[in-house]
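The values are calculated or read from the model by the stated rules, or taken from the named source; none is laboratory data. Everything quoted here is computed from the prediction, not taken from an experiment. Virtual Cβ from ideal backbone geometry, glycine too; neighbours counted across all protein chains shown. Heads up: the accessible areas ignore ligands, DNA and RNA and are worked out on the full protein's heavy atoms, side chains in. Shrake-Rupley method; radii C 1.70, N 1.55, O 1.52, S 1.80 Å.
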Amino acid sequence: MRKTLRIARLTLKEAMSRRLIPVGILVSLIYLVLFAVAYNFAQDRGAQAITGQRSRVLVGIGMASLTLSGLYIVNLLSGFLALFLSVGAISAEVDSGTLQAVLARPLRRSQFLLGRWLAYALMITVYVSVMASLVLVIASLLGNYVAPDPPRAIGLMVLAALFLLTLSLLGSTFLSTMTNGAVCFTLFALGWLSGVIEVLGDVQKNDALVSLGTTIAILVPADQLWRSASYYVQSASILAASNTLGAAMPILANAPPTTFLVLWGMLYPLALLGSAVYVFAQRDL
Amino acid sequence: MRPNAAPAIEITSLNKVYGRTTALHELNLVVQPGEVFGFLGPNGAGKTTTVKILLGLVRPTGGEARIFGLPCTDPSARRLVGYLPENFRFQEWLTGTELLELHADLADMSSAERALRIPEVLRLVGLEDRASERIRTYSKGMLQRIGLAQAIVHNPQLVLLDEPTSALDPIGRREVRDLIRSLSARGMTVFLNSHLLSEVEMVCDRVAIIDRGRVVQSGRMDDLVGGEPELSISLDHVDTDALRLLLQFGEVLAYDAATVRLGVADTSVAAVIADVLPRAGYRVYTLVPVQRSLEDVFISLVERGEP
């Protein structure tokens with residue numbers, strides 16, 4: 001455990017030294033400031049437009065959409081960040097030759113791999129939690145937007161990002177960095193498509209389409225996890241609106257996640273991590 | 001069992017196959033504690049593969065490799081070993097001191113030991129002034145020095161150096177040779193992978209020459225390069241009478257129209273030969289004792305041409 005933590009510390013230090021953390025904080029702040037400014041303008045104009053009950057509901061839906069979009073972007077960014085962090089976690093170290101000297105020490109490969117995963121997982125968890133909380137705080141302060149259950153939403157968003165992180169870590173144990181990037185981004189996009197396919201299947205009452213979407217979502221659950229997370233941050237008015245429409249939008253869900261999805265979201269990354277440890281241990285360096 | 005009662009390195013019937021390529025074939029090798037051992041061979045002969053197997057970085061297809069009696073797959077064997085990889089690169093965003101901290105920590109040195117040892121090693125490799133700078137600012141020679149420093153920072157009993165002087169200028173090479181000698185004087189076993197034969201000749205006690213994954217020769221350096229003393233004689237012409245005359249003094253190893261290589265019991269017969277040949281009507285241009293160099297041995301053993 002001590003050595004796993006030592007590698008985790010080294011990985012965090014690398015993220016600092018290579019300015020990933022400081023620059024990351026800076027651009028995240030810029031994003032939040034721009035979001036707050038946009039929110040403020042929209043809120044002002046919206047308030048002026050309210051003349052009756054109907055317009056009040058429409059403005060409410062507009063502000064909720066802006067909040068949810070803000071969170072959706074955080075979700076997308078956390079996915080990219082997860083993939084970029086770990087896409088070369090092993091492969092790039094092998095190529096540059098830094099790994100050989102480190103692993104020539106009394107250090108198990110599993111300790112190295114888990115140390116790296118731990119550091120990345122920490123960064124991702126902090127990123128998602130802080131950014132999602134701040135988006136919701138801005139919405140609440142500027143627009144009195146009330147998200148029903150932010151902790152659950154953030155938890156599911158973290159699981160989505162951890163899945164992507166572990167997927168690309170596994171890929172980096174046996175694929176070149178570039179190939180791994182191509183594979184992971186394709187799977188990422190496929191996961192996103194699964195949401196669209198499912199919603200379309202729902203609207204068409206097309207069982208084949210629905211089961212295709214569900215299958216993809218099991219293999220690549222990142223988008224499914226996000227949509228479930230969105231359920232917990234939709235205000236009562238927007239949930240009511242999407243229910244009257246009879247179908248969810250592709251990026252939002254109008255029902256809470258199943259227990260299966262939550263368990264799968266927790267166990268699947270662990271299974272991927274176990275596979276990564278196994279594959280890495282077999283490899284010649 | 002005390003670890004240093006066993007050979008420093010013991011390799012038995014080691015095989016490694018990559019796809020269709022045989023990198024190592026039934027390799028056997030023993031290095032005793034305290035030796036400076038040279039592992040020679042042309043590029044692609046299997047030197048680096050052997051070292052990587054010893055460090056558990058590569059899994060052998062068959063056979064066994066032990067370090068001080070411990071199987072090389074056991075991480076605790078690596079506590080006793082320091083390694084300078086060929087074409088190594090280190091985390092260039094660390095400073096020299098931080099790199100040594102990392103490696104000493106991973107090698108299980110306590111922080112008190114590290115605080116004493118790291119400045120000492122930095123002095124030893126002459127980097128004490130640049131230790132707080134990031135490695136990305138280092139020159140090639142400095143990189144090689146910090147590489148050597150990380151290999152010996154934890155006072156290992158065995159150091160595996162893969163081409164340690166290839167990036168260095170003549171002065172740097174000499175310093176590395178001196179360092180190897182001083183490590184050896186302190187009882188450290190040094191395993192030196194190299195194709196720079198003159199380097200090996202200057203520091204090693206024993207060598208093994210490897211070609212296409214097999215050991216083709218091994219032995220004490222003195223036995224390999226010493227051998228029979230030889231004289232190289234160049235004359236105005238060489239005929240059967242000249243050869244007959246020279247046979248009285250030793251064995252004719254090779255000859256052509258104007259030179260003879262003569263194996264002798266003692267090179268002091270040169271003075272007699274210098275007297276006898278002119279009297280028999282030959283003009284002698286040169287008469288020099290020749291010592292077989294490691295290069296001669298190497299070239300005669302290692303087949304040329306592509307496999």
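Here are the numbers for this structure:
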{"read-out": "Over chain A: helical MRE at 222 nm, DSSP H runs n ≥ 4 each giving -39500 (n - 2.57), nearest 500", "value": "-28500 deg cm²/dmol"}
{"read-out": "Degrees separating the helix A:53-86 axis from the principal Cα axis of chain A, which is the longest one", "value": "10"}
{"read-out": "Accessible area (Å², 1.4 Å probe, nearest 10) - B:Val302", "value": "10"}
{"read-out": "Residue of A:Pro106, A:Pro250, A:Pro148 that the Gaussian network model of chain A assigns the largest fluctuation, springs spanning Cα pairs under 10 Å", "value": "A:Pro106"}
{"read-out": "Max mean-square fluctuation residue, GNM over chain B, Cα-Cα springs under 10 Å, options B:Ile233, B:Ile11, B:Ile209", "value": "B:Ile233"}
{"read-out": "Cα extents of chain A along the three principal axes, largest first (Å)", "value": "73, 45, 29"}
{"read-out": "Check: chain A dipole with +1 on Lys, Arg Cβ and -1 on Asp, Glu Cβ, in debye", "value": "880"}
{"read-out": "Sum of side-chain charges, B:Val238 neighbourhood, beta-carbon under 15 Å (Lys, Arg +1; Asp, Glu -1)", "value": "-1"}
{"read-out": "Efficiency of FRET between B:Val288 and B:Arg136 - r from beta-carbon atoms, R0 51 angstrom, step 0.05", "value": "0.50"}
{"read-out": "Rounded tilt (10° steps) of B:170-185 against the dominant C-alpha axis of chain B", "value": "80"}
{"read-out": "Calculated [θ] (222 nm, deg cm²/dmol) that DSSP helices of n ≥ 4 give over chain B, each run adding -39,500 (n - 2.57)", "value": "-9500 deg cm²/dmol"}
{"read-out": "All lysines inside 25 Å of A:Lys13 as judged from Cα atoms, apart from same-chain residues fewer than 8 positions distant", "value": "A:Lys3, B:Lys140"}
{"read-out": "Sites matching trypsin sites (Lys or Arg not before Pro) across segment B:176-260 that sit in DSSP coil, with at most 11 neighbouring C-beta atoms within 10 Å", "value": "B:Arg186"}
{"read-out": "Rounded tilt (10° steps) of A:109-143 against the dominant C-alpha axis of chain A", "value": "20"}
{"read-out": "For the protein assembly as shown: accessible area per residue (Å², 1.4 Å)", "value": "46"}
{"read-out": "Three-way shape call for the protein assembly as shown based on the alpha-carbon gyration tensor, with the a/c threshold at 1.5", "value": "prolate"}
{"read-out": "Cβ-based charge dipole, chain A, positive-most Cα from A:Ala281, A:Pro257, A:Phe188", "value": "A:Ala281"}
{"read-out": "Surface accessible to a 1.4 Å probe, B:His25 within the full protein complex, Å²", "value": "70"}
{"read-out": "Amide proton proximity set for B:Thr189, modelled H, under 5 Å, gap of 5+", "value": "B:Gly34, B:Leu158, B:Val159"}
{"read-out": "Separation between Cα centres of segment A:45-91 and segment B:134-185, rounded to whole Å", "value": "55"}
{"read-out": "Cβ-defined net charge surrounding B:Thr12, 15 Å radius [Lys, Arg +1; Asp, Glu -1]", "value": "0"}
{"read-out": "Accessible area buried, both sides summed, chains A and B with 1.4 Å probe, Å²", "value": "2700"}
{"read-out": "Those residues of segment B:87-111 for which accessible area with every protein chain present is at least 40 Å² below the isolated value (1.4 Å probe)", "value": "B:Arg89, B:Gln91, B:Trp93, B:Leu102, B:His103, B:Asp105, B:Leu106"}
{"read-out": "Whichever lysines have a C-alpha closer than 19 Å to that of B:Lys16, once near sequence neighbours (fewer than 8 apart) are set aside", "value": "B:Lys47, B:Lys52"}
{"read-out": "Inverse of mean 1/r across different Cα pairs in chain B, Kirkwood, Å", "value": "21.9"}
{"read-out": "Heavy atoms of A:Ile216 accessible to a 1.4 Å probe, total area in Å² rounded to 10", "value": "20"}
{"read-out": "Extension gain from B:Glu64 to B:Leu247, taking 0.36 nm per residue of separation minus the Cα-Cα distance", "value": "60.9 nm"}
{"read-out": "Loop-resident sites, segment A:200-285, for trypsin sites (Lys or Arg not before Pro), counting at most 10 other Cβ within 10 Å (DSSP)", "value": "A:Lys205"}
